[in-house]
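The values are calculated or read from the model by the stated rules, or taken from the named source; none is laboratory data. Predicted model, so just to flag it, every value in this text is computed and none were measured. When we count neighbours, we look across all protein chains shown, and the Cβ atoms used for this are built from the backbone with ideal geometry, even at glycine. Calculation scope for accessible area: heavy atoms of the full protein, side chains included, ligands and nucleic acids excluded. Shrake-Rupley method; radii C 1.70, N 1.55, O 1.52, S 1.80 Å.
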Amino acid sequence: MHTSALVLFSGGQDSTTCLAYALDRYERVETIAFDYGQRHRIELDARLQVLGALKQTFPQWASKLGEDHLLDLAVLGAVSETSLTRDTAFKMEANGLPNTFVPGRNLLFLTLAAAVAYRRGLQVMVTGVCETDFSGYPDCRDDTIKAMQLALSLGMDKRYLIETPLMWIDKAATWQLAHDLGEKSGRQEGGLALVNLILEHTHTCYLGDRSNRHPWGYGCGDCPACQLRARGYDAFRAGNLG
Ligand code: ZN
């Protein structure tokens, strides 16, 4: 019986939904993120805002939320040339991957998360990776995650479970999942409350724009991340779930 989890929590829509998923299922939940020289520290600020808002809005979850871990991973910025860490424009590369791809990033995240989980006695890791997403990052695919679960379990001689609640659903269904988890929380109008919290506090925009507020949240509205979020929110509101 699993009772505790470590959530890879970046402060975006997906990882916030994963955090709600873990708070719904487990008695003790801790969070982890990595500072690797993201172009916009807004992402790291957003996660503290989300944590604060979650505790305030959902008192029944606040008591389960434990330590938050932020690991310095500056070395990742030093070894990768991507538009997430350098000031270059977004484009698709010849291999079909966007230039936001940081090779091995998610493998490194999971390995470090497992090390923290080991030390903290946490049994499950929850991550918001998704194969349905536009980006197609190979280190977010289901096979990669299953291989990591096995490698980490063997390499640390501890039975890890890596949960990926968003793996096979699209952005519209991710909004719906957040709504359903909020409803289950026991808070009155909890579904609407969690959707509104995600709209207001999570950050998605690649350009770090927090000045333009749209129905789907803050962002430039033009970058691939904003467009994906906007399309998903519209489909959720229209009831078209994938
Ligand atoms: Zn944007």
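Some points to look at:
- The modelled label-to-label distance between A238 and T132, using points 7 Å beyond Cα along the C-beta direction, is 1.6 nm.
- Relative packing of 160-167, 72-79, which averages over residues the other C-beta atoms within 10 Å, highest first: 160-167, 72-79
- Model label points for L150 and V75, set 7 angstrom from Cα along the Cα-to-Cβ axis, are 2.7 nm apart.
- Where the chain is the region considered: accessible area per residue in Å², 1.4 Å probe: 46 Å²
- Taking all Cα pairs closer than 8 Å and separated by 6 or more residues, the relative contact order of the chain comes to 21 percent.
- Rolling a 1.4 angstrom probe over segment 4-241 with all protein chains present gives an accessible area of which 51% lies on carbon and sulfur atoms.
- Dipole magnitude for the chain: about 300 debye, using +1 per Lys or Arg Cβ and -1 per Asp or Glu Cβ, origin at the Cα centre.
- Total lysine pairs whose alpha carbons fall under 25 Å of each other in the chain (8 or more apart, or interchain): 9
- Beta bridges per DSSP with both ends in the chain, % antiparallel, nearest 5: 15 percent
- Taking Cβ atoms as reference points and 10 Å as the exclusive limit, the residues near R120 contribute a net charge of 0, counting Lys and Arg as +1 and Asp and Glu as -1.
- For segment 169-224, convex hull of alpha carbons as volume per residue, Å³: 79 Å³
- Full extension of the segment from L161 to R41, taken as 0.36 nm per residue of separation minus the current Cα-Cα distance, would add 40.2 nm.
- Three principal axis lengths of segment 4-241 [C-alpha, angstrom, descending]: 46, 42, 29
- Distance between the 7 Å Cα→Cβ label points at E200 and A94: 4.9 nm.
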